[in-house]
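The next block holds one structure in the form of structure tokens; read it before the comments.
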């Protein structure tokens, strides 16, 4: 998957609050589907569907340990999102700096009268 496709898949996966909650839980450590479903008002089948979307986006992996299949967060796609957003952060910070400079000029001009 190229970077553009990866970003689209990651943003699509992050668009749902349930999937964000699952990722937040997995950020604390691996968990089974039952453990992930426990605090959610969803069926195991619905949680499994959300996990499938997260897996397809590369945000989650499922292992196999004896009879249970722990889910783990895979944070690399989130790094790509962070890198992509960094360019926009620089843009907005520069815009705010220019606005601040402009406001100081206006205030200075107003006090010179």
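Read the figures in this text as sums done on the coordinates, not as results from a lab. This one's a predicted model, so the numbers in the text were calculated from it and none came from an experiment.
A few points about this structure:
- Gyration tensor verdict on the chain (Cα atoms; rounded if a/c is under 1.5, prolate if a/b is larger than b/c, oblate otherwise): prolate
- Whether the stretch 46-102 is rounded, prolate or oblate, judged on the alpha carbon gyration tensor where a/c under 1.5 counts as rounded: prolate
- Calculated mean residue ellipticity at 222 nm for the chain: -22000 deg cm²/dmol, from DSSP H runs with n ≥ 4 weighted as -39500 (n - 2.57), summed, divided by the residue count and rounded to 500.
- Percentage relative contact order, the chain, counting C-alpha pairs under 8 Å, at least six apart: 26
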